[in-house]
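Accompanying notes for the structure given below.
Just so it is clear, none of the values below were taken in a lab; they were calculated from the coordinates. Small disclaimer: the values here were computed from a predicted structure and weren't measured. Methodologically, a virtual Cβ is constructed for each residue, glycine included, from the backbone with ideal geometry; neighbour enumeration extends over all protein chains shown.
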């Protein structure tokens, strides 16, 4: 399950808690003419992230995906972003 918080106008933090790891993973969505998702998350958490994004924008309208570094918790769900 993901929690969505608007942290600035049209800037959202999407937090996904993974109980098995006792960790929270944060992703950021910029809602704009060309929406940007910062971090695609782990592959297994991507459905929850996609559902949270869908509460804010049509996921098909996502135009940009960015990440801070190349590890599974940032890019594992990347393939789901382009389907």
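Each peptide in 53-64, 29-40 was scored by the mean count of other Cβ atoms within 10 Å over its residues; highest first, the order is 29-40, 53-64. Working from label points 7 Å from Cα in the Cα-to-Cβ sense, the residue 31 to residue 8 distance is 1.6 nm.
Take 18-24, 8-14 and order them by the average number of nearby Cβ atoms within 10 Å per residue, most first; the result is 8-14, 18-24.
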